[in-house]
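Read the figures in this text as sums done on the coordinates, not as results from a lab. Just so it is clear, the model here is predicted, and its values are computed rather than measured. So basically every Cβ, Gly included, is an ideal-geometry build from the backbone, and we count neighbours across all protein chains shown.
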């Protein structure tokens, strides 16, 4: 299996993650749908494939982490994102948060100061 395969197993794990987020109080359906649509394992090293949908942060590079899904969902829910709204993100990191916002139809502008992280994003996208 390649890193960018999105299998039924991954989709099932995302569904379980969405159930966990609901239990923790996330109730914005647009946020939950966006997270449900995005294969989080694409943003992580393939070594994390089996645990990519656990509600926890994981290391990405340069001492940085991809945020815990609850943190991403909570922050996004607080923003009350509207389609075509402009959002500036400082510290792109894994680009997962920006992808969630873009999935919600926001116009996302993001900047990363860590050169290695920036270069990793250019390779992936």
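Of note:
- In plain terms, the chain from residue 4 to residue 113 could stretch by 36.7 nm, reckoned as 0.36 nm per residue minus the Cα-Cα distance.
- Legend: ranking of residues 74, 53 from fewest to most surrounding C-beta atoms inside 10 Å; resulting order 74, 53.
- Adding -39500 (n - 2.57) for every DSSP H run of four residues or longer, then dividing by how many residues the chain holds, sets the calculated 222 nm ellipticity at -13000 deg cm²/dmol.
- Hull volume in cubic angstrom per residue (convex hull over the Cα atoms of the chain): 100
- For the range 16-70, projected area of the alpha-carbon convex hull averaged over all directions, nm²: 3.8
- DSSP bridge orientation in the chain - percent antiparallel, rounded to nearest 5: 40
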